Amino acid sequence: MEVVQKHPTGITGFDHVAQGGLPRGRTTLLSGTSGSAKTIIAGQFLVEGVRKFGEKGVFVTFEETPAEIRKNLASFGWDVAAFEADKMLAFVDASPVFGAETLVSGSYDLGALIARIEHAVNSVGATRVAIDSIGPIFGQLPDAHVVRSELLRISHILKQLGVTTLMTAERTDDFGDIARYGVEEFVSDSVIVLRNTLEDEKRRRTLEILKFRGAGHGKGEYPFTIVPEVGVEVIPLSAIELTQSSSDQRIPSGVEELDEMCGGGFFRDSVILVSGATGAGKTLMVTEFLEGGVQNGERCMLFAFEESRGQLFRNAIGWGVDLEGMEREGLLRVHACYPEIMGVEDHLVRMKSAMDEFGPQRVAVDSLSALERVASLKGYREFVLGLTATMKEREIAGLCTSTTPSLTGGTTITEAHISTITDTIILMRYVEMFGEIRRGLTVLKMRGSYHEKVIREFTIDGKGMHISKTFRNVVGILAGQPQNIGTDELERINQMFEAS
Amino acid sequence: MNPIEEQGPSGKTLRLYVTGQTPRSERAIKVLRTICEEELGGEFELVVIDVLENPQLAEDEKILATPTVVKELPPPIRRIIGDLTDVERVLIGLDLLHFKKPAK
């Protein structure tokens with residue numbers, strides 16, 4: 001029984017989404033609008049083949065000249081000319097000849113082009129072919145029918161040669177016909193669609209495998225981003241598997257009383273969400289979490305999206321924590337930037353590579369909700385999912401903060417998206433009592449562990465956070481409408497339950 | 001059908017690129033040979049190149065379709081593709097009308 005095998009491309013994330021790679025020995029159509037990164041992916045398919053697998057490739061270009069492609073790909077640090085010199089890569093230049101109008105008399109075929117492609121494949125011993133992009137040839141030759149049937153012949157011949165081919169095609173619309181000139185009809189075995197849509201004023205690049213006939217693949221759209229020096233990186237969100245092992249080892253939260261409330265500390269590989277209004281003490285919680293980690297000898301990392309390093313360090317000093325010193329000693333690394341400098345996909349890729357480089361056991365994100373500003377709703381949801389999965393895969397204890405829109409509480413988009421994938425949720429709330437603002441904290445959920453259900457008061461001073469007694473005689477804190485009730489009332493309620 | 005690399009004394013050459021000995025190739029060769037001998041009075045040399053045997057020559061000249069006729073000298077450079085069913089159109093397309101000899 002012959003089954004379709006996969007050919008790993010080496011493009012980060014893509015092989016995961018494609019469940020192994022492109023169908024081996026076949027032609028896959030890669031279709032996208034102008035500027036959707038078709039040429040980059042086509043080039044990267046060949047470059048990664050050379051770099052990661054020592055596989056040789058042929059680049060058939062219909063649009064740009066080889067010189068232009070070398071130059072464009074050089075911006076990613078890919079030295080195509082060097083690969084050519086090493087006989088790892090060859091071009092077939094089918095770009096339009098400037099000023100040469102094609103006159104036709106009688107019938108013709110693309111025999112010369114086919115002979116050139118075969119010659120190039122055989123002379124370098126290629127296993128990969130990129131054809132980019134087939135649109136212009138329809139403009140060069142008057143008979144679209146001939147071009148279509150000849151492209152079909154090319155894909156048959158490439159199949160016989162046993163090479164895996166990525167053929168790009170233009171489409172006019174992000175949501176419409178798969179490609180212009182009806183080309184999908186003849187290379188319909190496998191189709192990948194790239195989209196570059198504008199949603200809420202934000203660009204979102206996605207890749208969707210429409211079909212791989214006879215082979216499995218991830219379904220739906222996957223966001224991808226173009227990283228300098230790396231190329232295209234696909235973010236395989238929905239393909240993330242819940243396979244990470246689970247630890248029952250506890251780690252200190254950095255606040256002793258909180259450890260008690262959580263039944264002995266956080267779990268080593270859990271994701272914790274801290275939700276509260278602005279000024280409720282979230283950054284303090286982050287600081288305590290990092291200090292607790294460093295004191296425990298763990299490597300810690302902070303991604304700050306609201307405050308600069310200087311501000312963070314100064315504020316931490318006010319709570320008696322020397323973040324700067326911790327960083328100097330090498331156990332802490334702080335990355336601070338504004339969310340607006342790039343899209344969430346890029347943030348995710350950067351955070352991932354920063355984590356892989358430093359290898360932290362604890363990561364804090366302050367605040368996660370600040371990133372809501374730079375993403376569409378869908379993009380943000382995928383980002384949160386990707387980030388938490390990244391931490392879980394690496395068995396990192398992650399603490400993410402979320403700022404509620406109103407002072408009294410309420411939920412945020414972050415909470416709506418993250419709450420089911422977080423293991424622990426801590427709420428920090430303002431409590432108004434007798435004309436005074438006080439702060440309350442509760443562990444709302446903690447998977448797999450006993451935790452206190454009460455709301456405790458906490459105070460902040462020069463030594464950090466201090467959690468004290470529970471709020472008695474107050475109801476409605478979580479709803480953001482605290483009300484004082486008398487002792488009699490409380491007793492009456494308690495008795496009511498005892499009686500039943 | 002090996003390419004003849006040396007050109008005629010005048011350098012006037014028509015290069016015809018074909019793919020193997022297909023009926024279409026044979027037809028194009030025959031028509032172009034007739035044009036060279038009868039219409040152009042032997043002033044132009046005909047060079048036939050089989051791209052299956054010499055793919056690199058097709059690569060260098062960026063030939064896509066076969067048959068393709070290329071006229072380089074005298075300028076301007078002109079190309080025409082197809083099996084040359086229309087002699088008049090071939091002469092116009094390759095800018096050769098003024099080389100046409102009066103019919104005998």
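All Cα-Cα separations within the range A:6-239 were binned at 10 Å from zero, giving a P(r) of 8, 34, 38, 17, 3, 0, each value a whole percent of the pairs.
Across the cross-link table entries A:K56/A:K202; A:K392/A:K463; B:K62/B:K100; B:K12/B:K62, which are compared at the Cα atoms, the separations over 26 Å belong to A:K56/A:K202; A:K392/A:K463; B:K62/B:K100.
Inter-part distance, the range A:286-316 to the range A:364-387, computed on C-alpha centroids, equals 20 Å. Residues of the range A:77-117 with an amide N closer than 13 Å to a point placed 7 Å from the Cα of A:H145 along the Cα-to-Cβ direction: A:107-108.
Under the 0.36 nm per residue contour assumption, what length would be gained going from the current alpha-carbon distance of A:L478 and A:Q249 to full extension?
Here the answer is 79.4 nm.
The long axis of helix A:344-358 is offset from the longest Cα principal axis of chain A by roughly 80 degrees. Put a dot 7 Å past the Cα of A:V230, heading toward its Cβ, do the same for B:R89, and the two dots end up 5.4 nm apart. Other residues with beta-carbon under 14 Å from the beta-carbon of A:H7 carry, at +1 per Lys or Arg and -1 per Asp or Glu, a net charge of +3.
Here the range B:60-80 and the range A:191-212 have alpha carbon centers that stand 41 Å from each other.
Kindly flag which residue pairs out of A:K6/A:K352; A:K219/A:K352; A:K87/A:K159; A:K159/B:K71; A:K352/A:K453 have an alpha-carbon separation exceeding 32 Å in this structure. Those over the limit are A:K159/B:K71; A:K352/A:K453. Across A:R472, A:R447, A:R195, the residue with the most accessible area heads the list, and the full order at a 1.4 Å probe is A:R472, A:R447, A:R195.
Pull up the DSSP beta bridges for the protein assembly as shown and report the antiparallel fraction as a percent, rounded to 5. Antiparallel: roughly 45 percent of the beta bridges in the protein assembly as shown.
Taking K and R as +1 and D and E as -1, what net charge do the other residues with C-beta under 15 Å from the C-beta of A:G440 add up to?
After counting each charged neighbour, the total is +3.
Computed with the Debye formula from one identical point scatterer per Cα of chain A, without solvent, the log10 of I(q)/I(0) at q = 0.07, 0.11 Å⁻¹ comes to -0.50, -0.93. Between A:S34 and A:M496, the contour length at 0.36 nm per residue exceeds the alpha carbon distance by 159.4 nm.
For the range A:227-344, a simple Cβ point-charge model (Lys and Arg +1, Asp and Glu -1, everything else neutral) yields a dipole of about 160 debye relative to the Cα centre. Rounded to the nearest 500, the 222 nm mean residue ellipticity of the protein assembly as shown from helices alone is -9000 deg cm²/dmol, with -39,500 (n - 2.57) taken per DSSP H run of at least 4 residues. On the beta carbon distance between A:L407 and B:E26, with R0 = 51 Å, the FRET formula returns roughly 0.05. With a simple spin-label model that places each label point 7 Å from the Cα along the Cα-to-Cβ direction, the separation between A:Q5 and A:A81 comes to 3.7 nm. Taken about its Cα centre, the protein assembly as shown carries a charge dipole of roughly 540 debye when the Cβ of each Lys and Arg holds +1 and the Cβ of each Asp and Glu holds -1. When you filter the GluC sites (Glu not before Pro) in the range A:81-135 for DSSP loop state and at most 11 other Cβ atoms inside 10 Å of their Cβ, you are left with A:E101. When chain B is treated as a GNM with alpha-carbon contacts under 10 Å, the residue of B:L14, B:L46, B:L57 showing the greatest mean-square fluctuation is B:L57.
The values are calculated or read from the model by the stated rules, or taken from the named source; none is laboratory data. Because the structure is predicted, anything quoted here is derived from the model rather than measured. Cβ: placed from backbone, ideal geometry, glycine included. Neighbour counts: every protein chain shown. Ligands, DNA and RNA are stripped out before the accessible areas are found, and what is left, the full protein with its side chains, is counted by its heavy atoms. Shrake-Rupley method; radii C 1.70, N 1.55, O 1.52, S 1.80 Å.
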